[in-house]
Amino acid sequence: MLFNQVTLDNSGDVTGSSTTAGPGYLSPDQPISGTYSWASAEYGTVLVTNTTGNASCVVVSSTEFVCIDNTASKPNVAIFNK
């Protein structure tokens, strides 16, 4: 899954859209929503949860973070830039 756009608000909510692709299929711009919580503010790690699973993310800078899907049988790493 690739996230096209994700917004984390101050209330712990995640909204955005995702694109899923694989051999023979493409599902662009599907809406996503969920919640997030700080796993460790000291290290900038965030747990994002939605109806399809969850991801662990690390904040790299004020404009970039990296996530890995915790529930996929073949986890993907996603890099988000502003």
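The values are calculated or read from the model by the stated rules, or taken from the named source; none is laboratory data. For clarity, every value in this text was computed on a predicted model and none was experimentally measured.
Observations on the model:
- Selection from segment 40-80 of residues that are more than 13 Å from the chain's Cα centre (by Cα), in a strand (DSSP E or B) and modelled with pLDDT of 80 or more: V60, S61
- Considered as a group, the residues in segment 21-36 that are among the polar types (S, T, N, Q) and over 12 Å from the mean Cα position of the chain (by Cα) include one that is farthest from F65 (Cα to Cα), and that residue is S27.
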